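Undergrad: Below you'll find the structure I mean.
Throughout, read-outs are computed from the coordinates displayed, never taken from laboratory work. Since the structure is predicted, the reported quantities are computational estimates derived from the model, not experimental observations. Note: ideal-geometry Cβ built from the backbone for every residue, glycine included; neighbour counts use all protein chains shown.
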Amino acid sequence: KSMAEWVLLPLLARREAACLRAMAGMEEGTWSLTEDLPWTVAFHEIGETVSAGDQAEVQPERTSDPGPEPDREALAFAYPHAAACTAPTKLTATQLKGREKDQEIAENTRRPYVRRSLAAPRFLSGRLPLTAEERGTAVHLVMQYLPLDGNVDAVIDDLLQRRLLTEDQARAVDRPAIGRFLASPLAAELRQAERVEREYRFSLLVPAGDYDSHLDGEEILLQGVVDLFAIRDSAVTVVDFKTDQVSGADLARRAEEYRPQLQAYSRALEEILELPVTRRVLYFFHAGEAVEL
């Protein structure tokens, strides 16, 4: 420290001590307050030896009274809905299949962080092949607008003119595969239906305990989009279109993975339409086959 600091520090300490005594209402040279106050203020000069008696004098009065007992029942309280605090408020039908990214109706649902590549955009890197997911989206878009007795090429040309489909998407659509669907027995049955709906969106409150045993007594919002449902003779047929690259013996295994998704669709439609769902069908475009669950 500099010489000025060594000289000023004791003076400042004395001035602060005097201010404290004045604030406490103490006379100069008085070392304690009146006894009717609940606290005691004492000041000792730096370097001054404090006797044991002085130390005892400035110690606050101790009491053997432990005070009121704490409310142990309140301290032991456990919130009965703790699991609901970390559970999502929405669940999508395709998430039941195990796909984290739901392209149908995943607004505000919980999704993990997805690392995206920093590849050059299409307009800089030229024409790039569409991903399997993007090709599937293009096929679903065509199926949304395609009449069951329509012409695939005419519908795609119309979607291009309306700018609902891009050139890349139009090239990626497997037109022969869609043509095989229109010629299938399933399409023939659907043409006999009294009512056919495409891309049917729904939102429905359901018991959360049905999907997570820790959430018994809670509700969760189930959302989804049904590719197609048809009503005939007061019964509902649910159809879900799949562009998975599977065929042969793998069809049954892959179809079983989608069972929870179609069960969710059936549950929602039965409650909304107040009609029984009697058929649940997956149509695989790559294999050109329908699988009933």
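Undergrad: At 0.36 nm per residue, and after removing the present C-alpha to C-alpha distance, how many nm does the segment from GLU270 to ASP174 gain when stretched out fully?
TA: Between GLU270 and ASP174, full extension yields 31.3 nm more.
Undergrad: With the crude spin-label approximation of a point 7 Å out along Cα→Cβ, what separation in nm comes out for ASP212 versus ASP250?
TA: About 3.3 nm separates the two model spin labels.
Undergrad: Can you compute 3J(HN,Hα) from phi for each residue in the range 160-176, using the Karplus curve 6.51 cos²θ - 1.76 cosθ + 1.60 with θ = phi - 60°, rounded to whole Hz and x for Gly and Pro?
TA: Per residue, the Karplus-derived 3J(HN,Hα) values read 5, 5, 7, 6, 8, 9, 8, 4, 4, 5, 4, 5, 7, 5, 7, 5, x Hz.
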